[in-house]
1. Need the failing condition index for Tyr216 against (1) part of a strand (DSSP E or B); (2) surrounded by 15 or more Cβ atoms within 10 Å (Cβ to Cβ); (3) not polar (S, T, N, Q), just the number.
2. Just checking, which of Leu251, Leu228 is surrounded by fewer than 18 Cβ atoms within 10 Å (Cβ to Cβ) and either over 17 Å from the mean Cα position of the chain (by Cα) or over 26 Å from Arg80 (Cα atoms) (or both)?
3. Mind checking whether some residue in the range 296-306 is assigned to a helix (DSSP H, G or I), of a type in the set (D, E, K, R) and closer than 18 Å to Pro162 by Cβ?
4. Are any residues in the range 260-304 surrounded by 19 or more Cβ atoms within 10 Å (Cβ to Cβ) and either outside the structural domain of Glu224 (by TED's automatic domain parsing) or of a type in the set (S, T, N, Q) (or both), and if so, which ones?
5. So which residues in the range 288-309 are free of Cβ contacts under 8 Å to residues at least 12 places away in the same chain and either touching a strand residue (DSSP E or B) at 6+ places or on another chain (Cβ under 8 Å) or closer than 19 Å to Ser89 by Cβ (or both), if there are any at all?
6. Kindly evaluate Phe132 against the criterion of being over 18 Å from the mean Cα position of the chain (by Cα), of a type in the set (Phe, Trp, Tyr), in the same structural domain as Gln113 (by TED's automatic domain parsing) and modelled with pLDDT of 95 or more.
Amino acid sequence: MQREFNDLLEEVKRLDGLVSELGNTEAIAATRSKLEEIRSSISEFVEKTHIQSVSDVNQIKSELEYHAFSVRQLILQRKRLFKIFEIASQSLRQTDAGHVADVLSSIESTDTQFYQDIFCLLLSGGKRNGYFVEFGACDGLAINNTILLEQRFGWKGILAEPATTWHEALFKNRTAIIDTRCVWSKSNEVLSFTETEDALESSVILEDEQQSRASYSVNTISLEDLLLEHKAPSVIDYLSMDVEGSEAVILESFPFSKYRFEFVSLEHRAESEEAHLVQLMAQNGYRQVLREFSGGDGFYVPEDKAAKLNLK
């Protein structure tokens, strides 16, 4: 057990080194303070000789690992911000400075996990009146990738959400087109949809039955039919998919030659799942970009756009 906690101390030391790379700011000073708190807690525990039980050890170890994870997320979020500013400075050469300023002033307003909306806006030159399609919209507000686009930049689009627990709030919160069918590989099928204890993770694909709280039948619609039915434009500025593992199933049957997506974010839950999505998107002319900054999502843009903007 002592070795495991020594490993944690080494992890804290490594994180402290990463913080050093980010400069000397008040935020980083606060992060360093948290690291020191974690380091002290680990050292104090290691010095104790009256360990009561294995469960006590595991609980403390879990808490320390959680704090270390939180620090890593803070560092990654700051790295994303630095990348955003880098892209913004590059955009100034090709885009109206006022548009870029509008995007940067919106950073504090976003509720996205990985700044999906901000990256999307910057790569579109701060576009106004764009068009989005989002699956897994939930209530349209919490951790939502398109609310800022709709409310502050005048974008329109389609929101798809089959979970009934979200419908009332979604219709209340958003002005976009709302479709309550389940986007799937084919239209007019009936699937069993399962809501989980964490409603944000409800899905037609459920790996742990014990996590479910309600199951019911939902009608399906393919992505192509969804776009046709709601008269979406052939060029869509942003496609956001967070459907808990169904991304590949939906995209494998989609006719990419009929539509162009200027920016795509796809959630992935495992390396194998991501690798499959990367290959699938590449086969259809899309390159994964900004992987270091996209967290649990994959960001994709058309190959010609990636080349033009020198995105990797």
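The values are calculated or read from the model by the stated rules, or taken from the named source; none is laboratory data. Small disclaimer: the values here were computed from a predicted structure and weren't measured. Positions of Cβ are backbone-derived with ideal geometry, glycine not excepted, and every protein chain shown enters the neighbour counts.
1. (2)
2. On the way: Leu251 fails: surrounded by fewer than 18 Cβ atoms within 10 Å (Cβ to Cβ).
Step by step, each of Leu251, Leu228 is checked, and only Leu228 is surrounded by fewer than 18 Cβ atoms within 10 Å (Cβ to Cβ) and either over 17 Å from the mean Cα position of the chain (by Cα) or over 26 Å from Arg80 (Cα atoms) (or both).
3. Going through the range 296-306, the residues assigned to a helix (DSSP H, G or I) turn out to be 303-306.
Still in the running and of a type in the set (D, E, K, R): 303-305.
Now restrict to residues that are closer than 18 Å to Pro162 by Cβ: none.
Within the range 296-306, none of the residues are assigned to a helix (DSSP H, G or I), of a type in the set (D, E, K, R) and closer than 18 Å to Pro162 by Cβ.
4. Residues satisfying the conditions are Ser265, Gln288, Ser294.
5. Arg291, Lys308 - these are the residues of the range 288-309 that are free of Cβ contacts under 8 Å to residues at least 12 places away in the same chain and either touching a strand residue (DSSP E or B) at 6+ places or on another chain (Cβ under 8 Å) or closer than 19 Å to Ser89 by Cβ (or both).
6. Working: over 18 Å from the mean Cα position of the chain (by Cα): no; of a type in the set (Phe, Trp, Tyr): yes; in the same structural domain as Gln113 (by TED's automatic domain parsing): yes; modelled with pLDDT of 95 or more: yes.
No, not satisfied.
For every residue, the table says whether it meets (1) touching an Asp or Glu at 6+ places or on another chain (Cβ under 6 Å); (2) on the phi < 0 side of the Ramachandran plot; (3) crowded, with 23+ Cβ neighbours inside 10 Å.
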{"position": "Arg128", "(1), (2), (3)": "no, yes, no"}
{"position": "Tyr131", "(1), (2), (3)": "yes, yes, no"}
{"position": "Glu134", "(1), (2), (3)": "no, yes, yes"}
{"position": "Cys138", "(1), (2), (3)": "no, no, no"}
{"position": "Trp155", "(1), (2), (3)": "no, yes, yes"}
{"position": "Glu161", "(1), (2), (3)": "no, yes, yes"}
{"position": "His167", "(1), (2), (3)": "no, yes, no"}
{"position": "Leu170", "(1), (2), (3)": "yes, yes, no"}
